[in-house]
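Visitor: Can you read through this structure? Questions will come right after.
The values are calculated or read from the model by the stated rules, or taken from the named source; none is laboratory data. From a predicted model like this one, the values you see are computed outputs, not experimental measurements. Virtual Cβ from ideal backbone geometry, glycine too; neighbours counted across all protein chains shown. Ligands, DNA and RNA are stripped out before the accessible areas are found, and what is left, the full protein with its side chains, is counted by its heavy atoms. Shrake-Rupley method; radii C 1.70, N 1.55, O 1.52, S 1.80 Å.
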Amino acid sequence: MSSKGFPARGQDRASLIAQLRTLKHKDVPWQEGRVFAYIYDPGPEAMALVHEAFDLFLTENGLDPTAFPSVLALERAIIDMAADLAGGDDQTVGNFTSGGTESILLSVKAARDRARTLRTTPGRPELILPETAHAAFFKACQYFDIEPIVTPVDADSFRARPDAIAEAITANTILIAASAPSYAHGVIDPIEAIGEIALAHQLPFHVDACMGGMYLPFVGEGIPPFDLRVPGVTQLSMDFHKWGYAAKGASCILYRSAELRRHQIFAWSGWTGYSVVNPTVLSTRGAGPMAACWAILKHLGREGYESMVGACQAASRRLQDGIEAIPGLYCLGSSDCNLFSFASDSINVFTLAEDMRARGWYIQPQFGFGPSPANVHLSVGHHNVNQVEPFLTDLNLAACALSGSGPVPDSAALPAGMAGMSPGSLFEHMASMAGTEGNELPDRMDGINGLLNGLPHASRDALLAEFVNRLYSRQG
Ligand SMILES: Cc1ncc(COP(=O)(O)O)c(C=O)c1O
C-alpha cells in the first residue's frame, strides 16, 4: 500500500486497481480450489452473473422501500424462494440479512422481546443451546443480556441430546436453538425430537440452517426432516452466501408467522429526522448483495444446486475415507454433509494445517471443546471437487513427515507459570514466542494455537480479543 493518512491528491484508476490486486498476494489461494473454508465459488460463468447483478444495484438503498420498490421486490422474491425451499407456507415471513450472524441476532432478539411481551419471566432470559451451536448465539446472548444454557451433545455422534434440552427448560427460557448442520462437524441435530419438546413447552425453536438451508434440500435421500416442515420449528436462519454461492452479505431469517417476527422490527419517529423503520439490524442496506443473490438462485435453480451438491457429497465422502486411511488421522462425529473435521492422537494437527498451508492448501484449525478434541475442519465446495486427490496426496505426505511428533498439547503441557498469568502478560508472552510485537499476523499459527488450545476458553477469548484489538491498529 502506498503512503499512510488521507491522500492529498487523487490517483488514477489503473494504479488503484493495481494496488488492490497487489494487496491480495498473501491471501489464501482460493482461485485454485485449494481452500477448504470461507470460500463459495460457483465457477466463472455463474460468478460473472453475480458480479453483473451486484454492480447493477451497487448504489440503490434498501433503507426506504417507497423510494426503491425494486429492492423491496428483490427481497420479497428471495424470501419467497427461501420459504418454498425451507418448507414454509403462506403464513411464513422473513427478511434478507447481511449474514448468518445477523439472522441469528434478529431471531434471538425477537424471541426475547416476544417473551417479555407475552409473560413475565421471573429472572434473566435464557437461551438453550447444544454445545455445538454456532458462536453467533453466544454473541446474541452478550448483546441482548441473555443467559446461554449450554447442553451436552452425544459424545460419539456430536448430535444434540433432546433429553438434556428438555431438562434445561425453566420459566426463564425464551428460545431453544439447534443446528442443521453444525459448522464444526457437519452434524444435523435431531430436529423432530427437539420440535416435540418445544411444542410441549410452547417455546419458540430456532433451527440454524445457515450452512444447511441451501445445501440439505438438494442432497436427496438420507437427510432427516430439519426445516419449517417439522412441527415445533418456529424460526430458521439460512445463508445464501454459503452454499447458495451468492455474493457475501446474503442470508435470511424466516418465521412461521408474522406474529413471531413482529418483535424483530424497529420503528422510531421520535427525533428530528426521517422515520426509521428497520426490519433488520442495518438501516442503510446495500442492494448489491440482494440483486446478486436473486440472480444466482434463479440462474442455478434446483437442478443446478442438485448437481453441485451431488459433486460435493461425493468429494466429501472420498476425502473422509482418504483421511481415515492416513495413519494417525480420524474423522470426528457423524458428518451428514460436506462439512467435517479430523483429529489425531499421534500428530499435531495444528502443525499439519500449517505444513499444508506451506504446500498451498488451507484447512481450518479448531480448538478442543467439550467432547471435540483439537481438530482441523474442511468445508467442501464446488470449487474443491477437482482437488480431492492432489489434496489427499499432500496430506498423506505432510502427515507422514510428522509421524511420531505427538498430538496437540493439552493444558498439562502449558509452560510453567503460564496458567496463572494475567491476560496482558500472557499476551505479551505468547506474542514474543510467535516472534511478533502482537500487532502483526504471525507467519505460522500452530505454536500459538497449541498454547491457546490448552487454556480455558474464557482465557483464550480474552487473549484473542486482545490480539484483534491490537491487530486493527494504525501501525500495520
Ligand atoms: C451453522 C452456522 N451458523 C451461523 C454462522 C454465521 O454466519 P456468518 O458468518 O454469515 O455470520 C455460520 C458461519 O459459518 C455457521 O456455520
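Visitor: Please find, within the range 286-345, the residue that is nearest to residue 218 (Cα to Cα) out of those that are in contact with a strand residue (DSSP E or B) (Cβ under 7 Å, 6 or more places away or on another chain) and of a type in the set (Phe, Trp, Tyr).
Guide: The selected residue is 340.
Visitor: Between 315, 247, 291, which is out of contact with any Leu (no Cβ under 7 Å at 6 or more places or on another chain) and assigned by TED's automatic domain parsing to the domain that holds residue 92? Please lay out each step first, then the result.
Guide: Details: 315 fails: assigned by TED's automatic domain parsing to the domain that holds residue 92; 291 fails: out of contact with any Leu (no Cβ under 7 Å at 6 or more places or on another chain).
Testing whether each residue is out of contact with any Leu (no Cβ under 7 Å at 6 or more places or on another chain) and assigned by TED's automatic domain parsing to the domain that holds residue 92 leaves just 247.
Visitor: Hey, could you check the range 118-137 for residues that are in contact (Cβ under 8 Å) with a residue 40 or more places away in the chain and open to solvent by 90 Å² or more (accessible area, probe 1.4 Å) and say which is nearest to the ligand (Cβ to nearest atom)?
Guide: Taking the candidates together, the pick is 124.
Visitor: Then there is this: Restricting the search to the range 251-303, which residues are small (Gly, Ala, Ser) and outside any loop (DSSP other than H, G, I, E, B)? Spell out the reasoning first.
Guide: Applying the first criterion (small (Gly, Ala, Ser)) to the range 251-303 yields 251, 257-258, 267, 269-270, 273, 275, 283, 286-288, 291-292, 295, 301.
Result: 251, 258, 267, 286, 288, 291, 292, 295, 301.
Visitor: For the range 80-108, how many residues meet the condition of being part of a loop (DSSP other than H, G, I, E, B), out of contact with any helix residue (DSSP H, G or I) (no Cβ under 7 Å at 6 or more places or on another chain) and more than 20 Å from residue 63 (Cα to Cα)?
Guide: At the first step, the residues of the range 80-108 found to be part of a loop (DSSP other than H, G, I, E, B) are 86-92, 98-99.
So of that shortlist, the ones also out of contact with any helix residue (DSSP H, G or I) (no Cβ under 7 Å at 6 or more places or on another chain) come out as 86-91, 98-99.
Imposing the further condition that a residue be more than 20 Å from residue 63 (Cα to Cα) reduces the set to 86-91.
Count: 6.
Visitor: It is to be established whether one or more residues within the range 195-218 are within 30 Å of residue 363 (Cβ to Cβ), away from the ligand (no atom under 14 Å from the Cβ), hydrophobic (A, V, I, L, M, F, W, C) and in a helix (DSSP H, G or I).
Guide: Initially, the range 195-218 is screened for residues within 30 Å of residue 363 (Cβ to Cβ), giving 206-218.
With away from the ligand (no atom under 14 Å from the Cβ) added as a condition, the list becomes 217-218.
Next, from what is left, pick out any that are hydrophobic (A, V, I, L, M, F, W, C): 218.
Next, from what is left, pick out any that are in a helix (DSSP H, G or I): 218.
Scanning the range 195-218 turns up at least one residue that is within 30 Å of residue 363 (Cβ to Cβ), away from the ligand (no atom under 14 Å from the Cβ), hydrophobic (A, V, I, L, M, F, W, C) and in a helix (DSSP H, G or I).
Visitor: Here's something else I'd like to know. Any chance you could count how many residues in the range 143-159 are closer than 24 Å to residue 115 by Cα and either free of Cβ contacts under 8 Å to residues at least 24 places away in the same chain or in contact with a Ser or Thr (Cβ under 8 Å, 6 or more places away or on another chain) (or both)? So that I can check it myself, show each step before the final result.
Guide: Here is the first cut: in the range 143-159, the residues closer than 24 Å to residue 115 by Cα are 143-151.
Now narrow it down to the ones that are either free of Cβ contacts under 8 Å to residues at least 24 places away in the same chain or in contact with a Ser or Thr (Cβ under 8 Å, 6 or more places away or on another chain) (or both): 145, 148-151.
Number satisfying all stated conditions: 5.
Visitor: Mind checking which residues of the range 233-244 are more than 10 Å from the ligand (Cβ to nearest atom) and open to solvent by 10 Å² or more (accessible area, probe 1.4 Å)?
Guide: 234
Visitor: Only residues in the range 449-476 that are buried (at least 17 other Cβ atoms within 10 Å of the Cβ) count as the first member; pair them with residues that are in a helix (DSSP H, G or I) and of a type in the set (S, T, N, Q), Cβ under 6 angstrom, at least 6 apart or cross-chain, and list the lot.
Guide: As it stands, the answer is 454/411, since those pairs meet every condition given.
Visitor: Quick check: anything in the range 355-378 within 30 Å of residue 77 (Cα to Cα) and within 21 Å of the chain's Cα centre (by Cα)?
Guide: Initial filter on the range 355-378 (within 30 Å of residue 77 (Cα to Cα)): none.
Looking through the range 355-378, none of the residues is within 30 Å of residue 77 (Cα to Cα) and within 21 Å of the chain's Cα centre (by Cα).
Visitor: Same structure, new question: Could you tell me which numbered condition residue 248 fails, if it satisfies all but one of (1) open to solvent by 80 Å² or more (accessible area, probe 1.4 Å); (2) within 16 Å of the ligand (Cβ to nearest atom); (3) over 21 Å from residue 54 (Cα atoms)?
Guide: (3)
Visitor: While we're here: Have a look at 77, 140 and point out the one that is open to solvent by less than 20 Å² (accessible area, probe 1.4 Å), assigned to a helix (DSSP H, G or I) and either outside the structural domain of residue 278 (by TED's automatic domain parsing) or in contact (Cβ under 8 Å) with a residue 12 or more places away in the chain (or both). Let's see the steps before the verdict.
Guide: Values: 77 fails: open to solvent by less than 20 Å² (accessible area, probe 1.4 Å).
Exactly one residue qualifies, and that residue is 140.
Visitor: Related question: With the condition kept exactly as written, say whether any residue in the range 96-105 is in contact (Cβ under 8 Å) with a residue 40 or more places away in the chain, more than 16 Å from the ligand (Cβ to nearest atom) and open to solvent by 20 Å² or more (accessible area, probe 1.4 Å).
Guide: No, the range 96-105 contains no residue that is in contact (Cβ under 8 Å) with a residue 40 or more places away in the chain, more than 16 Å from the ligand (Cβ to nearest atom) and open to solvent by 20 Å² or more (accessible area, probe 1.4 Å).
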